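> Handing you a structure now.
The values are calculated or read from the model by the stated rules, or taken from the named source; none is laboratory data. This one's a predicted model, so the numbers in the text were calculated from it and none came from an experiment. Neighbour counts are summed over all protein chains in view; Cβ atoms, including those assigned to glycine, are modelled from backbone coordinates with ideal geometry. These accessible areas exclude ligands, DNA and RNA; they are computed on the full protein's heavy atoms, side chains included. Shrake-Rupley method; radii C 1.70, N 1.55, O 1.52, S 1.80 Å.
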Amino acid sequence: MIDNIKQRALHRAKILEGQLRGVRKMIENEDYCVDILTQSLAVQRSVGSLNKLILENHIRTHVKTALRSESKTTQDKAVKELLDLYELSNVRAR
């Protein structure tokens, strides 16, 4: 991984760990549902930030190299990976 992206991703993962512990504690304490949902949505946003960092690293390293390859198979594999990720993100063309 690119060092600065790795450091940022690790930092984000540590924040996520704390947020998830907080959600668990809120559930154990039977906190107000809207408060738990608010914190849970914050966790989802944090996961999105982590995903963006990991995707950035993948594009800047693996995809960039694959698309420069003279092998059409290697290029096609990189494009398929990105399309599969797009599909997994539940963003679909209508």
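> Residue pairs, Cβ under 8 Å, 6 or more apart or interchain, first in segment 49-61 and touching a residue at least 24 places away in the same chain (Cβ under 8 Å), second outside any helix (DSSP H, G or I) and open to solvent by less than 70 Å² (accessible area, probe 1.4 Å). List them.
Cβ pairs passing all conditions: N57/I2; R60/I2; T61/I2.
> Still on this structure: Quick check on my filter: what residues within segment 73-89 are open to solvent by 80 Å² or more (accessible area, probe 1.4 Å) and more than 22 Å from A9 (Cβ to Cβ)? First the steps, then the outcome.
Step one: filter segment 73-89 for residues open to solvent by 80 Å² or more (accessible area, probe 1.4 Å), giving 73, 77, 80, 83, 85-88.
Passing the criteria: T73, K77, K80, L83, E87.
> Inspect all residues belonging to segment 54-67 and state whether any of them is aliphatic (A, V, I, L, M), over 17 Å from L85 (Cα atoms) and in a helix (DSSP H, G or I). Let's see the steps before the verdict.
We begin by selecting, within segment 54-67, every residue aliphatic (A, V, I, L, M); these are 54-55, 59, 63, 66-67.
Subsequent filtering for residues that are over 17 Å from L85 (Cα atoms) retains none.
No, segment 54-67 contains no residue that is aliphatic (A, V, I, L, M), over 17 Å from L85 (Cα atoms) and in a helix (DSSP H, G or I).
> Here is a follow-up. Checking E70 against (1) in a helix (DSSP H, G or I); (2) exposed (fewer than 12 other Cβ atoms within 10 Å of the Cβ): exactly one of these is not met. Which one?
The number of the failed condition is (1).
> Right, here's the next one. Here's a check for you: in segment 2-24, which residue that is within 11 Å of S46 (Cα to Cα) and touching a residue at least 40 places away in the same chain (Cβ under 8 Å) is most open to solvent (accessible area, probe 1.4 Å)?
R12
> Keeping to segment 43-66, report how many residues are open to solvent by 30 Å² or more (accessible area, probe 1.4 Å) and more than 12 Å from the chain's Cα centre (by Cα).
So the answer is 6.
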